[in-house]
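One structure is given below, encoded as structure tokens.
The values are calculated or read from the model by the stated rules, or taken from the named source; none is laboratory data. This one's a predicted model, so the numbers in the text were calculated from it and none came from an experiment. Methodologically, a virtual Cβ is constructed for each residue, glycine included, from the backbone with ideal geometry; neighbour enumeration extends over all protein chains shown.
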Amino acid sequence: MENAVCTLTKYADAQVPLSGHVREFSIIMYDDSGLHPELADRIGSALSMCINLRTLQLLMDNIYLSNMLRDAQFPSLRTLRYAVASDVSTILPAFINRHQTIATLGLVWSAANTGDYHLDTIQLSNLTTYSGDSVFLQSLSCDKTLQKIYLFVFRHEFEVAVERLGAKASGEVCELVFKADGIDTPAFLTYVAESVPQVTSLTLQRLRDNASSADRLVEADSLEIEMQLRKLKRLRVLEFDNFDDDDNDEVQEWDTRTEAERATDSLLVEKWTAACPSLTSILLHGYKWEYKGRWDIEGVALLSS
């Protein structure tokens with residue numbers, strides 16, 4: 001890190017400064033104990049010279065770099081990913097609002113946070129992608145421009161998170177990836193159908209790899225899912241990546257699954273696509289079904305058209 005800073009600052013007075021060629025600047029540190037205030041100040045100074053920056057990622061617990069946010073200006077900034085700490089509740093939104101060129105925004109909790117706090121309003125007229133903690137949606141203002149949304153929900157506030165998307169999600173193309181543990185899938189689909197009925201791609205994933213998976217689908221769940229799918233008129237991709245079909249962590253080969261398991265999956269796909277004819281891809285129990293005139297999985301025709 002120090003070598004990179006020295007290189008940038010060494011040629012700061014050149015006719016064509018090296019900093020002018022920097023398009024991406026990233027610091028991703030799980031242990032930033034070595035990032036002392038003096039070095040952070042030097043990094044901030046060097047970073048401020050990178051006026052042609054397009055991508056900025058500052059994902060760490062250290063708070064010293066927050067001073068850079070007060071004055072830095074990057075006219076071509078397109079992507080910002082930041083680990084939010086309590087000292088930036090005002091200066092981070094102000095920095096973001098100065099950069100209306102931002103199209104992709106990622107905001108995650110800094111591991112140093114110990115409680116809740118409020119960010120000032122963030123207004124971005126050109127934002128198309130948001131990736132991060134769902135809690136920051138309450139501070140985000142954009143006029144139905146979001147096309148790709150990747151939400152991390154650390155608390156069971158599923159309904160609130162989806163409701164907040166209603167005024168922000170695009171009415172044209174809307175891809176939603178929802179990462180959470182212990183999600184009630186039928187209830188979640190109900191929230192989506194009520195708040196984001198225009199969704200075109202919907203994925204449910206576990207937040208933590210070591211978290212217990214959702215229960216396998218029971219008949220009542222599948223019927224409720226079918227009912228909600230009838231309301232999603234534009235949905236093309238549906239992925240349930242939060243279910244396990246058995247107690248084994250390893251996905252079974254399709255031809256090793258029991259006849260009953262295969263019949264159940266085939267029936268679910270058939271029912272769901274009847275309820276939602278726009279569907280062309282379904283991920284269920286580790287297998288991806290695709291419709292190309294007929295439903296196939298791993299190149300084997302399973303359902304006739």
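So here's what we get for this one:
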quantity	calculated
Criterion: among the small types (Gly, Ala, Ser) and under 30 Å from Thr190 (Cβ atoms) - qualifying residue of Ser76, Ser110, Ser141	Ser141
Matching residues in segment 38-77 - criterion: being of a type in the set (Val, Ile, Thr) and either surrounded by 18 or more Cβ atoms within 10 Å (Cβ to Cβ) or out of contact with any Ser or Thr (no Cβ under 7 Å at 6 or more places or on another chain) (or both)	Ile43, Ile51, Ile63
Members of segment 173-189 found to be surrounded by fewer than 19 Cβ atoms within 10 Å (Cβ to Cβ) and not aliphatic (A, V, I, L, M), listed by number	Asp181, Gly182, Asp184, Pro186
Tabulated pairs, segment 117-136, first at positive phi, second among the aliphatic types (A, V, I, L, M), C-beta under 6 angstrom, 6+ apart or interchain	Gly132/Leu107; Gly132/Val108
Candidate set: segment 267-291, residues that are out of contact with any Leu (no Cβ under 9 Å at 6 or more places or on another chain) and of a type in the set (D, E, K, R); chosen: the one surrounded by the fewest Cβ atoms within 10 Å (Cβ to Cβ)	Lys288
Candidate set from segment 24-66 (those that are within 23 Å of the chain's Cα centre (by Cα) and farther than 21 Å from Trp109 by Cα); member that is modelled with the highest pLDDT	Arg54
Selection status of Thr101, over 17 Å from the mean Cα position of the chain (by Cα), surrounded by 14 or more Cβ atoms within 10 Å (Cβ to Cβ) and hydroxyl-bearing (Ser, Thr, Tyr)	yes
Strands (runs of 3 or more DSSP E) completely within segment 189-288 that count 1 or more residues being among the β-branched types (Val, Ile, Thr) and at pLDDT below 80	none
Phe154, sole failed condition from (1) surrounded by fewer than 19 Cβ atoms within 10 Å (Cβ to Cβ); (2) free of Cβ contacts under 8 Å to residues at least 40 places away in the same chain	(2)
